[in-house]
Amino acid sequence: MNHSNGIRPRARGTVVGMSLALALLTGCGGGGTAGGKAAPAPAAKGTGQGPAYQGPALPGFTAQPAWSLHAGGTSAPGVLDLGSTLLLAKNAQGGYVNTLSEGMLYDSQEADPLTLEFRDVKTGAVRTSLKVQAKTLEAVTWHHGTPAVAVTASTTTASDGLTEAKTTTTATVYGADGHELAKVPSYKTGTLLDGYRVEETDGTLRLTPVDGGPARTVTCTGTAARCTYDARTGAADASVGHAPLISGDYYAGFLNASNYQTAPEQITLSELATGKQVWSTDQAKVPPGVELDDKGHPKSEEVRILRIADGKVLVGRKAGASLSSGSWIDAWYDLKTGALLTSYKSAQEVLFSPSGDFAARDTVKFEDFPGTAVWQTADGKQLWEQHDGEHPLDPVRFTADGSVLYGETEDSGSKTGIAVDTRTKKVLAKNLPEDNLPSVDAATGYGYVTTAAGLFAFAPA
């Protein structure tokens, strides 16, 4: 199954998980314009030139890295995953900058000189090198979830004595090949999604393409309507409805956002190209296992769109109205006919594998976590579940092929990394340091870790 990404999976460590099934930009060479100057590309750093890997074996990957790279400084080099391309940045002193937060490779009060290296995930070769002046380096997405980077710089208009000084920020967006895609004036961090500027004003959301075309206003109606956008996950919320703001060719909308049960809250999907609504939870048959009121409506209004893939949409509903009820039902629907295809028991928070074939029960804030379970998303077949007497496994990420699940367990207040077989729950590695939980490039299947010694990239086993 060829899955496109729905709500972005949680990413930990140094790299944010961007869209998972991508139209990749993998051109070689070339330089940006107006803000980036091409520089000679240094030779690839292979295992012969980079540092030797001293860490534990990583299940799902080769024993030795395909290539490695010296940190060039005192901290782990930061990385942005651009889908078959890893972006690193050197400062004026020649050291690699380290990641400050998810999706943010660099953040400074003033624009600083940086050299951007767009490195091939498989070989470490520098495809393109750009010299830029940057305040921030932020992971963003271009059309259809293609990963990109926004490089920001600011200009300040001085006060004339009466007016206040005014600072404006412009973002230059580069693709994974280092070529410039667009310039975005008056840019605010976290407001670029799939090539659209996300504008949030007084509880409404508007999507404006930065490279031209019609803007779309997100439907948001109801007595408690207040649509918000979470840049970390790419998701939008109304009251209790939750959906990826943009997924593939569609954008979300919300009807009857209310806490008063005057009418059930609904989520709509509309085409980005036309603005035409093509699907709504209002037209979707409520799956078995969801409790109904005397009007035939679900007792709980909590509903979320989880994924859109292969002409289908995966919808999660809370099974009952009780606050203590942690049961959820997931259901696949055909987008064209609206037909209910299959449904099964699920969980409130879910971590998907990159392909979308597997899912794991994830932690919920402020609730006791009994441990994870893993199931197949196509039919809901549960592969395994944790039981009493086991250390609860908090899932972090799957390998690209879904064969290995990495996570964390806690014993006597101390957290440690662990890797298990996705299908059998067999422990493949334990006591892994946090730095050795590999990030995964879904496009190539390669895994990589960054430590104070440098960057290490591993081929899939």
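The values are calculated or read from the model by the stated rules, or taken from the named source; none is laboratory data. These numbers were taken from a predicted model, which means no experiment stands behind them. All Cβ positions, even for glycine, are placed from backbone atoms using ideal geometry, and neighbour counts span all protein chains on display. Note: areas computed on protein heavy atoms with side chains; ligands, DNA, RNA excluded. Shrake-Rupley method; radii C 1.70, N 1.55, O 1.52, S 1.80 Å.
Listed here are the residues, each with its yes/no results for (1) over 30 Å from residue 212 (Cα atoms); (2) assigned to a strand (DSSP E or B); (3) open to solvent by 60 Å² or more (accessible area, probe 1.4 Å).
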{"residue": "243", "(1), (2), (3)": "no, yes, no"}
{"residue": "254", "(1), (2), (3)": "no, yes, no"}
{"residue": "257", "(1), (2), (3)": "yes, no, no"}
{"residue": "269", "(1), (2), (3)": "no, yes, no"}
{"residue": "273", "(1), (2), (3)": "no, no, yes"}
{"residue": "279", "(1), (2), (3)": "no, yes, no"}
{"residue": "287", "(1), (2), (3)": "yes, no, no"}
{"residue": "296", "(1), (2), (3)": "yes, no, no"}
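Mind checking whether some residue in the range 200-218 is more than 20 Å from the chain's Cα centre (by Cα), more than 22 Å from residue 171 (Cβ to Cβ), part of a loop (DSSP other than H, G, I, E, B) and in contact (Cβ under 8 Å) with a residue 40 or more places away in the chain? No, that holds for no residue. Residues of the range 219-241 that are in a loop (DSSP other than H, G, I, E, B) and either within 14 Å of residue 205 (Cβ to Cβ) or not β-branched (Val, Ile, Thr) (or both): 219, 221, 222, 224, 225, 226, 227, 231, 232, 234, 238, 239. Counting only residues that are part of a loop (DSSP other than H, G, I, E, B) and over 22 Å from the mean Cα position of the chain (by Cα), which one in the range 445-458 is farthest from residue 393 (Cα to Cα)? Among residues in the range 445-458 that are part of a loop (DSSP other than H, G, I, E, B) and over 22 Å from the mean Cα position of the chain (by Cα), the one farthest from residue 393 (Cα to Cα) is 453. So for the range 317-332 (the condition being on the phi > 0 side of the Ramachandran plot and part of a loop (DSSP other than H, G, I, E, B)), does at least one residue qualify? No, the range 317-332 contains no residue that is on the phi > 0 side of the Ramachandran plot and part of a loop (DSSP other than H, G, I, E, B). For the range 371-387, the criterion of being over 30 Å from residue 303 (Cβ atoms), hydroxyl-bearing (Ser, Thr, Tyr), assigned to a loop (DSSP other than H, G, I, E, B) and at pLDDT 95 or above is satisfied by no residue at all. Among residues of the range 381-413 being of a type in the set (A, V, I, L, M) and under 15 Å from residue 426 (Cβ atoms), the one that is surrounded by the fewest Cβ atoms within 10 Å (Cβ to Cβ) is 383. Residue count for the range 302-316 satisfying the condition of being part of a loop (DSSP other than H, G, I, E, B) and either crowded, with 22+ Cβ neighbours inside 10 Å or without any contact (Cβ under 8 Å) to a residue 40 or more places away in the chain (or both): 1.
Scanning the range 184-199 for residues that are assigned to a strand (DSSP E or B) and either within 18 Å of the chain's Cα centre (by Cα) or within 22 Å of residue 109 (Cβ to Cβ) (or both) yields 184, 192, 193, 196, 197, 198. Could you check, for the range 133-147, whether at least one of its residues is more than 30 Å from residue 212 (Cβ to Cβ) and either surrounded by 24 or more Cβ atoms within 10 Å (Cβ to Cβ) or of a type outside the set (Ser, Thr, Tyr) (or both)? No - not one qualifying residue is present in the range 133-147. When both residues are 6+ apart or on different chains and their Cβ atoms are under 8 Å apart, which pairs have a first residue that lies in the range 268-294 and is on the phi > 0 side of the Ramachandran plot, and a second that is polar (S, T, N, Q) and in a loop (DSSP other than H, G, I, E, B)? What qualifies is 289/327.
Between 442, 429, 419, the distinction of being among the aliphatic types (A, V, I, L, M) and assigned to a loop (DSSP other than H, G, I, E, B) belongs to 442 only.
Here 168, 172 are screened, and the one residue that is at pLDDT 95 or above, assigned to a strand (DSSP E or B), among the β-branched types (Val, Ile, Thr) and open to solvent by less than 60 Å² (accessible area, probe 1.4 Å) is 172.
Given the criteria open to solvent by 60 Å² or more (accessible area, probe 1.4 Å), part of a loop (DSSP other than H, G, I, E, B) and touching a residue at least 24 places away in the same chain (Cβ under 8 Å), does residue 336 qualify?
Numbers: open to solvent by 60 Å² or more (accessible area, probe 1.4 Å): yes; part of a loop (DSSP other than H, G, I, E, B): yes; touching a residue at least 24 places away in the same chain (Cβ under 8 Å): yes.
When the stated conditions are applied, residue 336 passes them.
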